[in-house]
Structure formats: C-alpha cells, structure tokens
Amino acid sequence: MIAILDFGSQYSELIARRIRETKVYSEVLSYRTTAEQLAKLKPRGIILSGGPNSVYDDYAPVCDPEIWNLGIPILGVCYGMQLMVQALGGRVEPAEKPEYGRAELSIVDPTDLLTNVEDGGIMWMSHGDSVTRLPEGFDILAETQNTPHAAIADCDRKFYGVQFHPEVVHSVDGQATLCNFVYHICKCDPTWTVEAFVDEAIREVRAKVGDKRVLLALSGGVDSSTLAFLLHQAIGDNLTCMFIDQGFMRKGEPERLVELFEDKFHIPVEFVKARKQFLAKLEGVTDPERKRKIIGAEFIQTFEVESKRLGPFDYLAQGTLYPDVIESANTNIDPKTGERVAVKIKSHHNVGGLPEDLRFKLVEPLRKLFKDEVRQVGRALGLPEEIVMRHPFPGPGLAIRIIGEVTAERLNILRDVDFIVREEIQRADLYFEVWQAFAVLLPTVRSVGVMGDKRTYACPAVIRIVSSEDGMTADWSKLPYEVLERMSNRIVNEVEGINRVTYDITSKPPGTIEWE
C-alpha cells in the first residue's frame, strides 16, 4: 500500500484515487499518524499531501520527525514538499512570484521520478511559498519560469518532492509521475483489483456475520444496490432489504426498483409505503436545512419501526464509502491550533444517527472504496448499467429540488419535468456523458406567458446538467441547442403549470450541483 498523510489539502482524496488507478491500494491518514503506527502498516511508500498553511507558521501542521528514519520512500506534494525541505534543513519563504494554475515544466534531470514525463509539459501549480534553499543531499529535477525547485530529489534516501499537483487532471503527465513513484521507486505490484476486492469482501462478511441476520436500507442508488448484491452473494437469505418510499423519488423509480430486485435478481425487498407521513411532516417548511433534517429524522423513525416489525436483526449494512471515512473534502487546518475544521456546505442524508436501542452492529464492506470503484464492483457482481451508471441522486430526493414548500402537486409537476429531461438526455445518447441531469422547480416564482392566444401566469422550471469527474467540482454541460430545444418544447407543452424553461450555466464552485 501507499500511505498518504493529509495536511488539509482539498486534493488528498484525489491523490488516493490516482494511486488506486495504478491498481495499488492507498489510504489517507492524519498527518498526526506516528512513525510507529506507519511502520505497523508496512507501506511501500508515503505521500505527504498539500495543504493551505505555510510551513513557517507557528501552528503549521508537521509530521512525526521519525518518519524520515523509516527507510521508506517519501514523496512530498506542494506543502508536503516544503515540509520535507524545512524538516531536513532547507529553507522555505514567501515566493517573489506566487504560481497558480498552468505552468510549463522544464526537466533538469528525469531520474526515476520524471521518467516518461514530457519536457515542457504542463503541470498545475497552486502555491504562494517557494523553496529557497535545498537540504543537503537534494538535487533539482525540474523547474518552471517562476519556481526553480519545481521537483527535487535525494535519490540515496529516496526522498522526492514536487511543487506541482500531479493528482489533478490539469497536470498532463501527473499520473506518469505518480506511476513512477509507485512502481519504480516503491516497487509496488498492481494487486488492487476489483476481483481481489470482491473475493476479500465476501470472505470478510461471512467471517463477521456468520449465520446472523443483516438489514439493509435500499435506496436504489449504485452504492446500496452494489452492497445488496455483495451481501446476497455472501449470506443469501440472511439479508433483508428494506425500501422506504418517502415519496420523493423520480417518476416510476420505486416500482422499477422492486421489479428489478425481486423479479430479475431474486433478492426480496420489503417495500414500505410512507409517502403521506413524510409529506405531512414537510407542510409549511421552506428552509432547505430544515427539510433535510426533517426527512432524515422521519426516515430514522420509520426505519426503527419497520426494523422491529421485520426483526430481530444482528447487523445493519451501510453503504459507507471511503470519502465518508476520511472526512469531507471541505475541510481545513486551523492555522492557530493546527486542528482540522469542517466547513459545512449542507447537511447530508445518510442512515447515520440511528437510535441506540436498535443495538445494531455495523457491516460496511464498501468503506474502502471510492465511488468509481463501487461502480466497477457493481459491474463485476452483475448489476445492470442502468443502476451502475445511475446519476447521483440526493437522499431527500425531489424535496430539495423544489424551492420552497413541498406539496404533492409540486412533486407531480417536477416528476413530469424531470422525466422529460432524462428521457431527452438518453434519446441523445448523452446520459453516460454527463454527471447529472435533472430539473428544479421554482413554484414561488411566476412569469407571464402566452399559450393558445391566452395569457398564462405560471412557474418556471430550471434544467441543471453538469459534467464532472467526481462531483467535487463540476461545470455546466454544453449541450447541443437542439437537445435543449426539445426539452423546453416538451416541458411547456406536456407539463401543466410550467410556462418557462431556463438552463443553469453555473459551475461548482461557486455554485453547488444541487440547488438546496
């Protein structure tokens, strides 16, 4: 494995994903992880992540100094490189010319870190500090116009540093740099494969669960569906899947979900009809945070009642993924205390916070995986593409795609609009080309229109279609005009209550993908 020490970079998760793309397992660990703890993990290599701080700050986060004595290859990225330089006797100061964005890399010495990396290629920079003096034993491997120490190495001790970010897609040969570190320097073997994971996960579930009963809250998304397939393969009829229909799913989805699982895959699903009670709880509620919390609380209460009816159960299965384990990417290091600080953008809706008296033990076979790895596992287990490549869908569903109060009438309008958007995306063979495609309803906004020579005063619908690699950042999709035209024409003609259609052209950041 490759261990990644996280110093608060927004890209720490991305480094781990890039390493795993080389078929080598990686884990993100706190920068406070001791050398002794690292040694027990027996990593083949260590990567020090970037971070928002300056290494010369009084409260700048630092790693255990004994890490330099482990005899393990180390790669410092941006802040990680500057930390290495300062810890080993070099000097870091504010840069005369900060460097952000694209930078042309001039290779001085390719060695084994920059083998097959193009001289003059583009790498992505994001730093306001620079190395002004190298520690003894280090040499320059590459430079840019503003950064004379863009890549450095002490080949004898196998210490390497890059001022650029090889993990981001903007760095043209960034992945080649990481591959060189993983394969040539750390001598790793490509053993982290989907097949190996599935075999290991099934063995672990059987060993942990035995003949006990497991309950899974099924949502229909790729995470819970993949988990259901994996658990069913491991423990068969000892798995019970519960689907709570809270009334906020897309058109026809609840029925399609049960049909697929029961009729095609022969995995029984307990279908809980709870639309009326969820809708009643949201009467008069307009604040998006309150919506999420109310839906989450009602879900937990319903789940508690139904689990007691169907139980007893010994284990609760959750589709926890690796990003949930290593904290959100929206985190930072407080420069005064050195502590991680979470920056909450919005509440998320998971099966977390279950009452203690349920007394479930947790089974979370997917907790080592990123989203793209879950999709690969889903395919390996035989899930159909309509589930594997299903666009991300928020836990509160359409309730947070209606701006303002949620009513049955507004839900029906939005379902019809959303159906047209998705149908036209599929018709244009664009469904798998975009990250998400959906509609938002603005029921509190009215605009004047003309239909059949009559004045209308109705709601607008917003089409939101974005392209992304992982959902952390996103850009609005530049769809062909004829596709947008078909959507608009169909929506205003087929959906009563809508007389205007707009297209959201906001990227993330500054916006979020969802409106609430």
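The values are calculated or read from the model by the stated rules, or taken from the named source; none is laboratory data. Here the structure is a predicted model, which is why all the values come from computation and not from measurement. Neighbour counts are summed over all protein chains in view; Cβ atoms, including those assigned to glycine, are modelled from backbone coordinates with ideal geometry.
Residues being closer than 20 Å to G397 by Cα and surrounded by fewer than 20 Cβ atoms within 10 Å (Cβ to Cβ) are represented in segment 471-488 by at least one member. Taken together, I15, I74 contain a single residue that is buried (at least 20 other Cβ atoms within 10 Å of the Cβ) and modelled with pLDDT of 95 or more, which is I74.
Every listed requirement among (1) farther than 26 Å from E469 by Cβ; (2) in contact with a Lys or Arg (Cβ under 9 Å, 6 or more places away or on another chain) is met by D154 save one, (2). Of the helices (runs of 4 or more DSSP H) lying entirely inside segment 149-254, the ones with 1 or more residues being at negative phi, touching a strand residue (DSSP E or B) at 6+ places or on another chain (Cβ under 8 Å) and surrounded by fewer than 18 Cβ atoms within 10 Å (Cβ to Cβ) are found at 194-209.
Looking only at segment 39-85, residues that are within 20 Å of C155 (Cβ to Cβ) and touching a residue at least 24 places away in the same chain (Cβ under 8 Å) come to 22 in all. Among the residues making up segment 386-410, those that are out of contact with any Lys or Arg (no Cβ under 9 Å at 6 or more places or on another chain) and in a helix (DSSP H, G or I) are I387, E409, R410.
Note on segment 271-377: enclosed helices (runs of 4 or more DSSP H) holding 3 or more residues that are of a type outside the set (D, E) and at pLDDT 90 or above are 275-281, 288-310. V448 satisfies every condition listed in (1) in a strand (DSSP E or B); (2) modelled with pLDDT of 95 or more except (2).
In segment 38-66, how many residues are touching a strand residue (DSSP E or B) at 6+ places or on another chain (Cβ under 9 Å), closer than 28 Å to T191 by Cα and either hydrophobic (A, V, I, L, M, F, W, C) or at pLDDT below 95 (or both)? Matching residues across segment 38-66 total 7. As a summary of the residue check, S447 satisfies the conditions (1) closer than 19 Å to R250 by Cα; (2) in contact with a Lys or Arg (Cβ under 7 Å, 6 or more places away or on another chain); (3) not charged (D, E, K, R) except for the one numbered (1).
If the condition is being hydroxyl-bearing (S, T, Y) and touching a helix residue (DSSP H, G or I) at 6+ places or on another chain (Cβ under 8 Å), then segment 485-508 contributes only Y503. Among the residues of this structure, G137 does not count as one that is small (G, A, S), out of contact with any helix residue (DSSP H, G or I) (no Cβ under 9 Å at 6 or more places or on another chain), within 21 Å of I19 (Cα to Cα) and without any contact (Cβ under 8 Å) to a residue 60 or more places away in the chain.
Residue-wise test of (1) in contact with an Asp or Glu (Cβ under 9 Å, 6 or more places away or on another chain); (2) within 24 Å of I4 (Cβ to Cβ).
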{"residue": "A87", "(1), (2)": "no, yes"}
{"residue": "Y100", "(1), (2)": "no, yes"}
{"residue": "P110", "(1), (2)": "yes, no"}
{"residue": "L114", "(1), (2)": "yes, yes"}
{"residue": "G128", "(1), (2)": "yes, yes"}
{"residue": "D139", "(1), (2)": "yes, no"}
{"residue": "H149", "(1), (2)": "yes, yes"}
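If you take the residues in segment 18-54 that are surrounded by fewer than 20 Cβ atoms within 10 Å (Cβ to Cβ) and polar (S, T, N, Q), which one is nearest to E167 (Cα to Cα)? Filtering segment 18-54 for residues that are surrounded by fewer than 20 Cβ atoms within 10 Å (Cβ to Cβ) and polar (S, T, N, Q), the one nearest to E167 (Cα to Cα) comes out as T22.
If you go through segment 421-432 and keep only what is surrounded by fewer than 20 Cβ atoms within 10 Å (Cβ to Cβ), out of contact with any Lys or Arg (no Cβ under 9 Å at 6 or more places or on another chain) and either without any contact (Cβ under 8 Å) to a residue 24 or more places away in the chain or not in a loop (DSSP other than H, G, I, E, B) (or both), you end up with Q426, D429, F432. Screening A3 with (1) more than 16 Å from C179 (Cα to Cα); (2) small (G, A, S); (3) at pLDDT 90 or above; (4) outside any helix (DSSP H, G or I) gives one miss only, at (1). Taken together, the residues in segment 275-296 that are surrounded by fewer than 18 Cβ atoms within 10 Å (Cβ to Cβ), of a type outside the set (D, E, K, R) and within 27 Å of F229 (Cα to Cα) amount to 0.
D418 meets each of the listed conditions (1) surrounded by fewer than 18 Cβ atoms within 10 Å (Cβ to Cβ); (2) modelled with pLDDT of 95 or more; (3) within 22 Å of T286 (Cβ to Cβ); (4) not polar (S, T, N, Q) apart from (1). Within segment 452-471, restricting attention to residues that are more than 13 Å from I491 (Cα to Cα) and in a strand (DSSP E or B), the residue that is farthest from the chain's Cα centre (by Cα) is K454.
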